[in-house]
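What follows is a short report on a single structure.
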Amino acid sequence: MTSTQKKDEIGDFSMNFGPAHPGSGNFGVKVQMQGERVLKATADPGYLHRGFEKLMEYREPMQNAVLSDRVCVLEPLQWNLVHAEAVDYLMNYDVPERAKYIRVILAELSRIQSHFIWYAVMSLGTGFMTGFNVSMGYRDYILDVFNLITGGRVYPAGYICPGGVRKDLPEKAENKILKLLPKIDYMRKFILKENPAWLARFKDVGVLSKEEAIKFGATGPVLRGSGVGADVRRDDPYEVYDELEFDIPVRDEGDGYARYCVGIQEIEESMKIITQAIDRLPKGEVRTPNLKPIVQFRKAKGEIYIRNELSRGEGAFYMVANGEKTPYRVKIRGPSFSHMIPILEYLLTGVDYADVPAIYWSLYQCPADVDR
Amino acid sequence: MFLQFIGAYTSALQMLIGEMMKMKLGIISEVFKNLFKRPMTVLFPEERIEIPERNRGEHKFDIDTCISCGSCAKICPNKAIKMVEAPPEFKEKYPKTYPQVDLGKCCFCALCEDICPKGSLTLTTYVFLATFDKDTTMRNPINVEQID
Ligand code: SF4
Ligand code: SF4
């Protein structure tokens, strides 16, 4: 009676991958299974919804700068930057040159630590605990520097704020950052060591072709892993990126392995950017002169859509000001949304269940950013 | 039973060694290197990592310099600051209202520190604030117990 069940007799059933699951973050996917095979996957967002867009309509820009940390836990400084740029534009602030360089240095450090987390969760999702531990350990060195500069390990509390940055770099911060680079490089080389288990889990898994990547609106390493060399830092430069030299890594394969290779190469490019930026770091003010902690937002009128290259892809703020103390409307465009809903659903159709976490994490998403 | 367990254990070990042989030497050398490296963590209560001066921790309030302007209460994004009167026995000396911080609501953004015109409200590096009792999160402008 036991082992003679025929294949077509195995019943269909549905399962929940997440949202409260160690391998999924705070995001749920409902999968319909036939035996070991996924028939259909439906993304189930909303578990982490905090209503930031509405909340920002009730707060002043400085308070929103603090709030913008929380859009994505894993790259708060970069979200700070997008928000600050939107307010800078509406208020016509002339951001001092030194502040621009500090912003770039911190954004790139944030990109590196975010890529480390990516590697960590990809390892965790596929049962490679060593990768997770080592990567999170090395990420901590970067957090130490964040703590020194911004006063918080993970959350900078609006360190990159409208008009510049909240405080100048402390003494020896530049030295500390330069000392950090060899450690980052060590970790990068550790990741580069290929191990067969890793290759087996990610090679030819979750292949996203170029056309589909464009059709579904992929950005960042997911798009570049599918052979499209688009990067906002190059296509629509902000801050001082047009003065710095860096390459944009692109891979053609489009599988999970290619995406992560793009990420690793980006760490190297980010290190190049940081070295150049520290080299050229000018002296001077770090905030628009005479700017109080309260931004006089009543003076602002108009609307702006501003986009940045975050570690996960293109993140943007749309903000309308109509002469009130607070923004009239805020819309946040996060990179993870298009990765998590159309692309994930598409890629999960027809795969083995064991590949679900591998594909899920290789798409480089942040559940907090999907739900906002 | 015991033999079975040993058998399973050795076969697992064999598999593991086989897998390790297949891997490039990189990961293995990493393992051995880690035997001699200092651990990344510290033994917490005895040993602590240094907390930088900028770290945003518990508030420190100097009532003598405060001018009761209320800016800190206005800017606080979480409405964690409430302007309250001093306790009756101090009312003569401190007749105005002063900020009372609810650390349970505070997100440690330090906006109150930045805006304070007199530098009366500052954030210290003290971070060990976890508590089981919700009533202990309030920081009153005058700490009566401490003065007694
Ligand atoms: S640190 Fe921020 S949240 Fe805390 S009391 Fe001050 S302004 Fe409010
Ligand atoms: S602590 Fe500072 S900001 Fe707050 S009421 Fe006193 S002087 Fe004003």
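The values are calculated or read from the model by the stated rules, or taken from the named source; none is laboratory data. Bear in mind the structure is a predicted one, so any value in this text is a computation, not a measurement. Note that we place each Cβ from the backbone using ideal geometry, even for glycine, and neighbour counts take in every protein chain shown. SASA here: full protein model, heavy atoms, side chains in, ligands and nucleic acids out. Shrake-Rupley method; radii C 1.70, N 1.55, O 1.52, S 1.80 Å.
Here are some notes:
- Filtered by the rule that a residue be within 10 Å of ligand 2 (Cβ to nearest atom) and within 12 Å of B:ILE142 (Cα to Cα), the stretch B:69-100 gives B:THR97, B:TYR98, B:PRO99.
- Within the stretch B:120-144, residues that are free of Cβ contacts under 8 Å to residues at least 40 places away in the same chain sit with their Cβ atoms under 8 Å from residues that are in a strand (DSSP E or B) and surrounded by 11 or more Cβ atoms within 10 Å (Cβ to Cβ), at 6+ positions apart or across chains, in these pairs: B:THR137/B:ASP102; B:MET138/B:GLN100; B:MET138/B:VAL101; B:MET138/B:ASP102.
- Residues of the stretch A:129-156 satisfying the condition of being in a loop (DSSP other than H, G, I, E, B) and open to solvent by 30 Å² or more (accessible area, probe 1.4 Å): A:ARG153, A:VAL154, A:TYR155
- Subset tally (residues that are more than 14 Å from ligand 2 (Cβ to nearest atom) and surrounded by fewer than 12 Cβ atoms within 10 Å (Cβ to Cβ)) for the stretch B:117-132: 4
- Per the conditions (1) open to solvent by less than 60 Å² (accessible area, probe 1.4 Å); (2) assigned to a helix (DSSP H, G or I); (3) more than 11 Å from chain B (Cβ to nearest Cβ), the sole criterion not satisfied by A:LEU178 is (1).
- Single residue of A:MET56, A:MET33 found to be aliphatic (A, V, I, L, M), touching a Leu at 6+ places or on another chain (Cβ under 8 Å) and within 26 Å of A:TYR328 (Cα to Cα): A:MET56
- Selected residue [within 30 Å of A:ILE341 (Cβ to Cβ), within 14 Å of chain B (Cβ to nearest Cβ) and under 20 Å from the mean Cα position of the chain (by Cα)] from A:ILE191, A:ILE214: A:ILE191
- Residue in the stretch A:289-298 that is more than 14 Å from chain B (Cβ to nearest Cβ) and open to solvent by less than 10 Å² (accessible area, probe 1.4 Å) present: no
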